[in-house]
Every structure is written in C-alpha cells, then in structure tokens.
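Inspection log for the structure reproduced underneath, given as structure tokens.
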C-alpha cells in the first residue's frame with residue numbers, strides 16, 4: 001500500500017462527521033447492488049457537501065487497492081483516502097448534476113482490464129473548481145467515504161466494484177515534479193552544499209597531510225560517519241559551514 005509524502009499534498013481538509021440521521025440512512029438505505037438512487041447515497045452526498053479546504057488535515061487511512069473482497073465487511077461511511085488513476089469520467093443524470101462518477105484504477109496497474117477498479121462518486125458542490133482541471137489519466141488523491149460494493153459493467157462485463165463517495169479531489173504530482181516544488185528545491189540545495197563542503201574538507205586534508213604515511217597522532221576522517229544535522233535547511237547549512245571551518 002503506497003503512501004505519498006506529505007509534501008505532495010497541497011490541500012488539507014476539514015471533514016464533517018456523519019450526523020445521527022445520516023448514520024441511520026447508511027444502516028438501512030443500501031437497497032441495491034447495481035444502483036445508486038437510494039437513501040444511503042443521498043446521505044453520503046449530504047455529508048460530503050459540507051466538507052471544506054482548511055489547515056486541519058483529515059488524515060484518514062490511505063488505500064491504493066480496490067479489491068471488493070477486502071471491503072465487503074467494511075462499514076458504510078468509513079473514511080478513507082483514495083489514491084489512483086482516473087480511467088473514466090461520467091456525468092450523472094440531472095437529478096445529480098453536481099456529481100461525477102469516476103472509474104479509478106490502482107496506481108501500479110496500466111489499464112482497467114488488469115485491475116480491480118473502484119467507482120468514485122465525486123461531489124462537486126464544495127468548491128467545485130477543484131475538479132475543473134482533472135481529466136482521464138490523472139493520478140488523484142481524494143478523501144472519501146466507503147459506500148458499498150456495486151455490480152457494474154466494466155469493459156463490457158459485469159463486475160463487482162468498490163464504491164466510494166468523496167469530494168475535493170486533487171492531482172497527485174509525481175516524485176520528480178515534487179522535487180521541483182520550493183521545499184524540494186531547498187532539500188536538493190542543502191544536499192548539494194553538504195557534498196561540496198565535505199569534498200572541500202577531504203581535499204584540504206589530502207593537501208596538508210604528508211605523502212606516503214599518516215603522521216603519528218593525526219586524526220582521520222570517517223566519511224561513512226553520519227552527521228547530526230538539524231531538520232531546518234537553514235540551520236543545517238550553518239552546521240555544515242561550522243563543521244567545514246574546523247582546522248584539519
């Protein structure tokens with residue numbers, strides 16, 4: 001199960017808890033394995049419509065596999081973070097004009113025929129602009145609530161698919177794109193400076209030490225010994241600079 005680093009997620013959410021009435025609808029409102037027009041679906045749409053972008057992360061359990069056998073015993077309404085690649089985007093009838101139905105496949109599968117896809121109902125009511133630039137082929141991350149295992153036609157054949165209802169999706173950058181972010185550039189710059197400083201110190205020791213043998217009492221440098229650097233890049237650079245200035 002893959003988990004993306006926190007630097008890849010530019011959006012955090014406030015997820016509204018299920019109300020008592022919504023919980024009751026989820027308990028008795030799953031009526032069909034093939035249709036979404038039922039009280040349980042409406043309860044999840046009502047809940048996700050209240051979600052909003054905020055500074056407080058929802059931090060649910062991430063899932064990247066959608067085998068319906070895994071979810072058959074899951075409680076409807078359970079909160080998860082879905083990560084996958086969009087294989088299909090569909091618009092629902094006018095009664096659900098604010099909802100799109102996505103077919104999502106795991107990130108480590110190339111096509112829908114070789115994977116167990118998930119059905120993701122995306123509620124576009126809360127800040128719907130977050131879905132405007134998302135298209136088929138994008139790798140996405142979205143908070144969602146488990147709905148049920150649905151029976152749908154996938155590639156012309158009836159298949160059981162795990163269904164979720166979520167909101168506020170975002171595109172998940174690849175690791176290479178993440179390294180080009182401001183934080184990624186700072187990390188790369190810190191590593192580069194560290195390499196340069198260590199190289200200069202080794203070069204200085206080599207020039208000042210007598211050739212052929214190591215003087216008695218002279219200390220040696222263990223290149224494999226890790227340095228205890230602060231987490232903040234600026235403090236790490238100061239520590240490396242002080243270390244390099246020590247006399248050989």
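Bear in mind that the values in this text are calculations on the coordinates, not laboratory data. All values derive from a computational prediction rather than experimental measurement. For neighbour counting, all protein chains shown are included, and Cβ atoms are generated from backbone atoms with ideal geometry for every residue, glycine included.
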_Highest average packing first - 115-123, 18-26, 150-158, 68-76, Cβ atoms within 10 Å_ = 115-123, 18-26, 68-76, 150-158
*Cα-based Rg and Dmax for segment 6-173, where Dmax is the largest Cα-Cα distance (Å)*: 14.7, 43
_Suppose each label sits 7 Å from its Cα in the direction of the beta carbon; what would the residue 108-residue 159 distance come out to in nanometres?_
1.8 nm
*Could you sort 99-108, 195-204, 83-92 so that the peptide with the highest average Cβ count within 10 Å comes first and the rest follow in order?*
99-108, 83-92, 195-204
*Quote to one decimal, in nm, the extra length available between residue 91 and residue 31 on full extension: 0.36 nm per residue of separation minus the C-alpha distance between them.*
19.4 nm
*Could I have the simple spin-label model distance between residue 242 and residue 133, label points 7 Å from Cα toward Cβ, reported in nm to one decimal?*
4.2 nm
*Calculate the spin-label point distance for residue 67 paired with residue 191, positioning each point 7 Å from the Cα along the beta-carbon direction, and give it in nanometres.*
3.4 nm
*In percent, how large is the relative contact order of segment 6-173, given Cα pairs closer than 8 Å and 6 or more residues apart?*
25 percent
